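Engineer: Have a look at this one before I ask anything.
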Amino acid sequence: MPDGMKVDYDGLIPNNVGLNDDARVRKALETWHPGYIDWWKDMGPEGFQDALVYLRTAVGVDPEGWAKFGYVKMPDYKWGILLAPPVEGRRIAFGAHKGEPAWQEVPGEHRAMLRRLLVIQGDTEPASVEQQRHLGATAPSLYDLRNLFQVNVEEGRHLWAMVYLLQKYFGRDGREEADDLLRRRSGHPDEARMLGAFNEKTPDWLSFFMFTTFTDRDGKMQLGALAQSGFDPLSRTCRFMLTEEAHHMFVGETGVTRVIERTCQAMREAGIDDPTDVDAVRKLGVIDLGLVQRKINLHVSLTLDLFGSEVSTNAANVFNAGLKGRYREDKLTDDHQLLNDTYSVLGLVDGAITQREVPALSALNMRLRDDFVSDTRGGVRRWNQVIEKAGYAHRLALPHVAFNRRIGEFATAHADPAGALLTAAAWQARRGEFLPTTDDGEYIDSLMVPVREPGRYAGWIAPPKVGIDNQPGDFEYVQIE
């Protein structure tokens, strides 16, 4: 085995997993590679395949210096297979196998369950690239265009990470699953992606920022739980993926921050004291805070559905098998088996939103969702600090977990963003107060005019505080022929 640190860039597929010594897997991946490139050219960023983009490429897995920056055409990007360094003597930290040595091969009794986990995680990665493929045409700056492409190529690399595990450990079944990951398409009527949020459209840049703030944060939670896996190759894969995932959430949270900053600046300059005066704010060519809130409501509710049903036998089985732990399982102080523990679940009981105690093993999805909500509050708090600093009393908020749900305890409920239950008729009558409307979409579309001069930004978004890789403000992040 390699030392887990050095990346081999000599072959077609950069890696630190010793592909040169594994002819079967190397051949399988090299056979899969042309189909991936065809998928990228067909479903990746539209209109920019020949552009030179200032991208970050992983050259190691040491947190102190794992990446380099440079211009590259995206189809030539060095997608690779990178695992975090092995932990000597690592043992399974939870479930029925707690204390046993971590598995280096797939445990036979858990084979189907593990394969399913890899396929679901792998399916989300190309889906988001497909959802975002048209955004380059309306980028508000070269800085933002480059950030979009950085997110895209790293989602592509995360697909490679899951495909490697499928190809290496699941034989013919894994090869078929890898091919299917390239066959499905986001939003396709017959061959859609596996999870609902990854079949939604990403029609504008505010949607992109919301997606990378919230849906990529779900990715952080899921990868954090999978990083605890007793299957060591999956754990090592997800530990490194988390390093890259952090940038995606940075793009989202700072993107929304810059939208809010510009809106507040424009309102102040125009002497607008009431941020709810939508007509006055929109005349300034910026995005009103009410629309920002509706976008938050939409993207948070879609993301909450990704956690699945709050009470889940399947989640209990995966935990008990030692395949997927809790977020930061290694930092928790209970017995890590949960046989006699309970957890509080919020649900709809006799027409009322009620807390009830259920076995903790069956509430693992709920717990992970709670971790997500807690983690997300920090970003909303920082957005509100921007509004407060500008002198406005208006505040943004996360919607209640019962709002606009399609999966789980609240799938049949009609709740407003504060958690008050409504009749179906009242919900329909007020839907436009809570979620983006057709008029909202048309207004945002009117703002989506590309800006491609270095150092220039669209009028609805503020410049970033610092450049990528400490580059100056007028740096040409994307060279478009």
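Engineer: Tally Lys/Arg at +1 and Asp/Glu at -1 over every other residue whose Cβ is under 9 Å from the Cβ of Ser301; what's the total?
Structural biologist: +1
Engineer: Which ³J(HN,Hα) values, rounded to whole Hz and listed in residue order, are derived for segment 152-162 from phi using the Karplus coefficients 6.51, -1.76 and 1.60 in 6.51 cos²θ - 1.76 cosθ + 1.60 with θ = phi - 60°, glycine and proline given as x?
Structural biologist: My calculation for segment 152-162 gives 4, 5, 6, 5, x, 5, 5, 4, 4, 4, 6 Hz in order.
Engineer: Looking at segment 322-470, I'd like the Rg to Rh ratio, where Rg is from alpha-carbon atoms and Rh is Kirkwood's inverse mean 1/r.
Structural biologist: 1.07
Engineer: Write down, largest first, the equivalent ellipsoid semi-axes of segment 290-330 in whole Å, where each equals the square root of 5 times an eigenvalue of the alpha-carbon gyration tensor.
Structural biologist: Working through the eigenvalues yields semi-axes of 30, 12, 6 Å.
Engineer: Please give the net charge around Ile272, taking every other residue with its beta carbon less than 13 angstrom from that of Ile272, where Lys and Arg add +1 and Asp and Glu add -1.
Structural biologist: Net charge around Ile272: -3.
Engineer: Is segment 271-373 best put as rounded, prolate or oblate by its Cα gyration tensor, with a ≥ b ≥ c the root eigenvalues, rounded for a/c under 1.5, and otherwise prolate when a/b is larger than b/c, oblate when not?
Structural biologist: prolate
Engineer: So, one more: What is the dipole size for the chain, taken about its Cα centre, with +1 at each Lys and Arg Cβ and -1 at each Asp and Glu Cβ, in debye to the nearest 20?
Structural biologist: With Lys and Arg at +1 and Asp and Glu at -1, about 380 debye.
Engineer: If you put +1 on each Lys and Arg Cβ and -1 on each Asp and Glu Cβ, how big is the dipole of segment 11-149 around its Cα centre, in Debye rounded to 20?
Structural biologist: Value, rounded to 20: 160 debye.
Engineer: Tell me the relative contact order for segment 159-200 as a rounded percent, counting alpha carbon contacts under 8 Å between residues six or more apart.
Structural biologist: Here the relative contact order equals 22 percent.
Engineer: Still on this structure, I have one more. Any idea what the dipole of segment 419-481 comes to, in debye rounded to 20, about its Cα centre with Lys/Arg Cβ at +1 and Asp/Glu Cβ at -1?
Structural biologist: Here segment 419-481 has a charge dipole of around 320 debye.
Engineer: Right, here's the next one. Could you tell me the largest-minus-smallest coordinate of the C-alpha atoms of segment 1-85 on each of the three principal axes, in descending order and whole angstroms?
Structural biologist: Largest first, segment 1-85 extends 41, 33, 18 Å along its Cα principal axes.
Engineer: Right, another one. When the helices in the chain are scored as -39500 (n - 2.57) per DSSP H run of 4 or longer and the sum is shared across all residues, what 222 nm value do you end up with, to the nearest 500 deg cm²/dmol?
Structural biologist: So the calculated ellipticity at 222 nm is -15000 deg cm²/dmol.
Engineer: Let me ask something else. How charged is the neighbourhood of Tyr54? Take every other residue with its Cβ under 10 Å from the Cβ of Tyr54, and add Lys/Arg as +1 and Asp/Glu as -1.
Structural biologist: 0
Engineer: How large is ³J(HN,Hα) for each residue in segment 98-110, as worked out from phi by the Karplus curve 6.51 cos²θ - 1.76 cosθ + 1.60 (θ = phi - 60°), to whole Hz, x for Gly and Pro?
Structural biologist: Values, residue by residue: 3, x, 6, x, 4, 6, 9, 10, 5, x, x, 6, 10 Hz.
Engineer: Run down the aspartates and glutamates and flag those whose C-alpha is under 14 Å from the C-alpha of Lys6, throwing out any fewer than 8 positions away in its chain.
Structural biologist: By straight Cα distance, Lys6 reaches Asp62, Glu64.
Engineer: At each listed q (0.14, 0.18, 0.22 Å⁻¹), what is the log10 of I(q)/I(0) that the Debye formula gives for segment 259-318 modelled as equal alpha-carbon point scatterers?
Structural biologist: Log10 of I(q)/I(0), two decimals: -0.52, -0.65, -0.83.
Engineer: Right, another one. By its C-alpha gyration tensor, with a ≥ b ≥ c as the square roots of the eigenvalues, how is the chain shaped: rounded for a/c under 1.5, else prolate for a/b larger than b/c, else oblate?
Structural biologist: Verdict is oblate for the chain.
Engineer: Could you tell me whether segment 201-353 comes out rounded, prolate or oblate from its Cα gyration tensor? Rule is a ≥ b ≥ c as square roots of the eigenvalues, rounded for a/c under 1.5, then prolate if a/b exceeds b/c, otherwise oblate.
Structural biologist: Since a/c reaches 1.5 and a/b is larger than b/c, the shape of segment 201-353 is classed as prolate.
Engineer: So what is the relative contact order for the chain, in percent, with contacts set as C-alpha pairs under 8 Å and at least six apart?
Structural biologist: 18
Just so you know, all these numbers are worked out from the coordinates, no wet-lab data involved. In this text, all values refer to a predicted model and were calculated from it rather than measured experimentally. Virtual Cβ from ideal backbone geometry, glycine too; neighbours counted across all protein chains shown.
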